[in-house]
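Okay, structure first, notes after.
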Amino acid sequence: MRTTTVRVPAKINLCLGVGPRRDDGYHPLATVYQAVDLCDEVRATEVKDGAVTVSVQFAGDERREQAPVPTGPDNLAVKAACALRDAFGIEAGAGLAIRKAIPVMGGMAGGSADAAAALVACDALWGTKATRGELEEIAATLGSDVPFLLHGGTALGAGRGEEVSPVLARGRFHWVFAIADRGLSTAEVYARYDEMHAESPPPAPHVPQALLTALAAGDAAALGNALSNDLQKASLDLRPELSRVLEVAGEADALGALVSGSGPTVMVLAEDPSHSEELAGLLLRSGACADAVQASGPEPGAHLI
Ligand code: C5P
């Protein structure tokens, strides 16, 4: 049986500016994404019938309980494979096997990553030869973050997050991810954000110049000071215990700490790999999070291995 395997990174938002809710329910974003080497793998195997199926296995230790991942047609990787198939009139099926290291419902786009990986894996398995533009177009229909997970690296995100363009970034950044014992719904966090702005709608979002300058210079300390997330207040409101993680990171001289995307994962910026190891140990011993995982970025987007 022929198989193809794709590795795909998690994403973080170095800044996440969120504007007023649009008529379609989405919010205009001005964000800078970074892909980090906390990676899922998706293997696609040829099947005899035309079915697209999925199985999910969790990588790493089981210190944290994982939210269930759908294993039927609701799985975003299955939706991705079916969307590619429909777009190219393919009749073949595929057996998808996902090995998950990205936290489920953690604000790191794990489901979107698997969708991006499934597109690349099935394109190779079926010989679709889709162009990058065609894959990105399908990706945008699957979720706001999926185009970035194809792109990888460090990039600007506009629209509802699906309009991705490159940004100048030098150097490598070392992160610790403080992972919570249970996930948070992105839709719920955006809904709380709307409630918090019911009286005065937020202004149009923008990317802070200080962040772009820090990235262009590869200056980790300046990046730490420039991190921002408009959703953080809403995430903290839904999960007040996350403040403790931010406190521990501050006391431990992290360069910066911020809720990742809609949360509940908190991303903590270290000076270098040894500082990152030290921070991970401190975070774990503090008991403020269920797990602390080291990773660095930028990483390439979904790619065949
Ligand atoms: O695009 P995606 O399916 O990943 O979005 C999940 C949910 O997050 C949406 O249903 C919506 O509630 C919220 N969202 C939003 N504005 C965005 C992106 C996501 O309101 N720009």
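The numbers here are math on the coordinates, done by the rules we state, and not lab data. In this text, all values refer to a predicted model and were calculated from it rather than measured experimentally. Here the Cβ positions follow ideal geometry from the backbone for every residue, glycine too, while neighbour counts run over all protein chains shown.
Some points to look at:
- Segment 140-157 residues that are farther than 20 Å from ALA121 by Cβ, paired with ones that are more than 14 Å from the ligand (Cβ to nearest atom) and hydroxyl-bearing (Ser, Thr, Tyr) (beta carbon under 8 Å, 6 or more apart): ALA155/SER165; LEU156/SER165
- Tally, over segment 152-179, of residues that are surrounded by fewer than 19 Cβ atoms within 10 Å (Cβ to Cβ) and farther than 27 Å from ALA290 by Cα: 11
- Some residue of segment 99-120 being free of Cβ contacts under 8 Å to residues at least 40 places away in the same chain and more than 20 Å from VAL78 (Cα to Cα): no
- From VAL54, VAL32, VAL36, residue being among the β-branched types (Val, Ile, Thr), part of a strand (DSSP E or B) and within 16 Å of the ligand (Cβ to nearest atom): VAL32
- Once segment 256-289 is narrowed to residues that are in contact with a Ser or Thr (Cβ under 6 Å, 6 or more places away or on another chain) and of a type in the set (A, V, I, L, M), the residue that is nearest to ALA222 (Cα to Cα) is ALA270.
- Residues of segment 117-150 that are more than 15 Å from the ligand (Cβ to nearest atom) and touching a Phe, Trp or Tyr at 6+ places or on another chain (Cβ under 8 Å): TRP126, THR128, ALA130.
- Residue check, LEU38 surrounded by 24 or more Cβ atoms within 10 Å (Cβ to Cβ) and in contact with a Pro (Cβ under 8 Å, 6 or more places away or on another chain): yes
- Within segment 180-192, none of the residues are surrounded by fewer than 12 Cβ atoms within 10 Å (Cβ to Cβ) and away from the ligand (no atom under 14 Å from the Cβ).
- Only a single criterion out of (1) within 26 Å of HIS27 (Cα to Cα); (2) more than 16 Å from the ligand (Cβ to nearest atom) is not satisfied by SER286, namely (1).
- Residue in segment 11-25 that is nearest to ASP230 (Cα to Cα), counting only those that are touching a strand residue (DSSP E or B) at 6+ places or on another chain (Cβ under 8 Å) and either part of a loop (DSSP other than H, G, I, E, B) or among the β-branched types (Val, Ile, Thr) (or both): VAL18
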